[in-house]
Structure formats: structure tokens, C-alpha cells
């Protein structure tokens, strides 16, 4: 339990805003808490007044989410009340936007002009992008594309943020643990552009809502967990059927491997060839197909951390952000119709640790003789056969 004195700014802020002179109700709450711990009333009052006194000086420099991070040290009712108060004043905890001036789209994204034209910026503004999966790479994709000026999104994720997400996921903070990912990252994006038009799918993408998820979409960006293959394959198949370009970017080691699937060209299934395979073989084919250059394997210090059978693998924050940068650039080229897009069976693999960028090309995808050799080696290494 953190010391009560650390919470002084919050206690004094809340009670002063609600008209409680000299923090009297806080004193009562602390006295009650101290009494339960076997301490005297005098000791409790001394503690409370010391906290309030020191808090006044700190009050001007600390506010919002502090109480949420330290809510466990409060008496239950007081903690719940303070949390409700702060929830309305912290962007990470509330749907309410805290703004100091009216939003001006042209000014907000004016620094992009030069690399794109004003008319191209207006075109990006009119586009709608769908992102399924808002954790490791999906949240970073959303924030990058929002800062690029795209203003309409379809977002899907059924999961909530957990402690294990803190090492890499854009929306994972102490203040957002336990909260739905789609809600958190939507708030973060709207804190960039409050005029965003966002359709959310809090149950994730399913067979029942897949068509609605892709409705009116100009581009699909894959952010699904690596181990989610069935829905991913069906989404890419529906994109091909509807003529929607699709991008997948895999965070591998300290780099990223990116593939684009464009209308009329090689499809996801034609490249990865997952149909008819058992699940573990599908996972292996997906992994090898994503990164034929296998740049990341050279510095994997603990191969046991990659466990396809139990759906576990290591990750880094750098890889997620690199994914967003490369995928964002591919998105810009696709949506604006300029610049060469390397579509499957071509791909890109950049590894910052090894200082390498490789343009991969696998005609036939995983049916390519070289890919079949790599798959054979990978089966022995990761599956023991």
C-alpha cells in the first residue's frame, strides 16, 4: 500500500472543489481508517492534517489520474467517490474530451503539407479505414493514421487491457488496466481529432458482423493477435471479394515485416496456403510467410520463449511502432494512389537491430521451393519434427 501522503494533492483537490473546508471529511475518513488499524483518533487527525497541509503546496502541480493509480489505499467508499470524480477529468478514464480551444482540422495537420498536398490531405480526411485488433500493433496503427488526418474508422476488439500489455501496447497504462481496448484507443484518437467518425465493434470481428465491419471501408489494416487465424483469413478473403486493399504488419523482434494484398492480385490464401492444414501447421506457415527473410531469428536469445503450441511469443515496443510507421506509409500510398506499393508475393522486412531492410519475393507464396525448405527447418526448430 502506498503512503497516504502521496495522495495529498488529490484529497485536497477533491474536497476543496466540493466545498469541504479544511478537508474535514477527509480527516474523518482517515481517522476511521486509522482506528481500524488500531491507532488512536489523535494519531489519525495528525496524519490527516499533515497530509492536507503538505498537499496544498503540491496541489497546483498534480491532478487527474493519480487517485486511480492509488485507489487501493483509500477506504472503499471514499476511493469509489474519488475515482468517479477523476473519471470525468482524465482522458484515459473518460469519454469526455478535455479541450481548451476549438478544433481546426487544417491547422492540426498543416505540418504534413509538403509531403502531401492540401487536396491529398482532404482526400485522406474523407477515407474510412477498418482496423481489427487494437492491442500490440492495432492501437499504434489507429493513432498513426489519425495523426495522418484520416477521420473515419471502423474499430474492433473484444479484449481488455492487462498488465502483460504494458510493454508494448499504445493504450496500456496503469490507469486503463481492465478497460476495453476499443474504448481506450478510441478516446486516445479522439483526443487528437475530436471530429473522428468511429464505428466500434466491442465484441470483436465475428462471422456475423464481418460484412458490417467492412462496410464503406477504403482500406483494411490487420491488427489481430498473431494466433487469430480463422477470422483473419476470412477477413482477408472478404476484402479480396469486395476489392478492398488490405495490409498486415507483423512486429518481429525489433523490426517489422509488412505484406499488402491488393484487389486483383495474389490473395491471402494464395500466399499463405493455410486451408486444409492443422492449426500448428497454419501458425508456422503464417509465421514463415510473414517474414521469409527471417531477420529476427539471429538475435533471439531464448528460443523457448516462442511457443506456438501454447500461443506465446516475445514482443518489443519498438517493433509495434515500426509496424505502424511502415503500414501507415503503405496506407498513404494506397489511399492516395501514388507511390509504388509492393503487393504479395512481394514484401518488406526491416530490422532495426540488424540494420537491415530486405525486399522479399516469394512467387507461389508458401508453395515456393525456398519457402518449403524454410518451413521444414522451422518445423524441426519450433515443433520438434
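The values are calculated or read from the model by the stated rules, or taken from the named source; none is laboratory data. Source: prediction; values computed, not measured. Using ideal geometry, Cβ is built from the backbone for each residue, glycine included, and neighbour counts are taken over all protein chains shown.
Scanning segment 173-198 for residues that are over 23 Å from residue 323 (Cβ atoms) and over 16 Å from the mean Cα position of the chain (by Cα) yields 194, 195, 197.
Within segment 229-238, the presence of at least one residue that is closer than 24 Å to residue 316 by Cβ, assigned to a loop (DSSP other than H, G, I, E, B) and in contact (Cβ under 8 Å) with a residue 12 or more places away in the chain is confirmed. Might you let me know whether segment 159-175 holds any residue that is without any contact (Cβ under 8 Å) to a residue 60 or more places away in the chain, in a loop (DSSP other than H, G, I, E, B) and on the phi > 0 side of the Ramachandran plot? Looking through segment 159-175, none of the residues is without any contact (Cβ under 8 Å) to a residue 60 or more places away in the chain, in a loop (DSSP other than H, G, I, E, B) and on the phi > 0 side of the Ramachandran plot. Of all residues in segment 295-325, those that are surrounded by fewer than 19 Cβ atoms within 10 Å (Cβ to Cβ), under 23 Å from residue 344 (Cβ atoms) and modelled with pLDDT of 95 or more total 1. The combined condition, being under 26 Å from residue 309 (Cα atoms), assigned by TED's automatic domain parsing to the domain that holds residue 347, crowded, with 19+ Cβ neighbours inside 10 Å and in contact with a strand residue (DSSP E or B) (Cβ under 6 Å, 6 or more places away or on another chain), is not fulfilled by residue 260. If I ask for residues that are touching a strand residue (DSSP E or B) at 6+ places or on another chain (Cβ under 8 Å) and either crowded, with 20+ Cβ neighbours inside 10 Å or farther than 17 Å from residue 221 by Cβ (or both), which ones from segment 327-342 would you list? Those that are touching a strand residue (DSSP E or B) at 6+ places or on another chain (Cβ under 8 Å) and either crowded, with 20+ Cβ neighbours inside 10 Å or farther than 17 Å from residue 221 by Cβ (or both): 327, 330, 331, 332, 334, 335.
The criterion of being under 24 Å from residue 336 (Cα atoms) and under 9 Å from the mean Cα position of the chain (by Cα) does not hold for residue 152. Does segment 114-123 contain at least one residue that is touching a residue at least 40 places away in the same chain (Cβ under 8 Å) and crowded, with 20+ Cβ neighbours inside 10 Å? The answer is no, given that none of the residues of segment 114-123 is touching a residue at least 40 places away in the same chain (Cβ under 8 Å) and crowded, with 20+ Cβ neighbours inside 10 Å. Scanning segment 301-340 for residues that are over 21 Å from residue 262 (Cβ atoms), more than 24 Å from the chain's Cα centre (by Cα) and not in a helix (DSSP H, G or I) yields 301, 302, 309.
For segment 136-148, the set of residues classified as part of a loop (DSSP other than H, G, I, E, B) and surrounded by 24 or more Cβ atoms within 10 Å (Cβ to Cβ) consists of 136, 137, listed by residue number.
Checking 193, 165 one by one, the residue that is closer than 23 Å to residue 121 by Cβ, surrounded by 16 or more Cβ atoms within 10 Å (Cβ to Cβ) and either at pLDDT 95 or above or not assigned by TED's automatic domain parsing to the domain that holds residue 327 (or both) is 193 and no other. Evaluate segment 180-188: report whether one residue or more is touching a helix residue (DSSP H, G or I) at 6+ places or on another chain (Cβ under 6 Å) and part of a loop (DSSP other than H, G, I, E, B). No: segment 180-188 contains no residue that is touching a helix residue (DSSP H, G or I) at 6+ places or on another chain (Cβ under 6 Å) and part of a loop (DSSP other than H, G, I, E, B).
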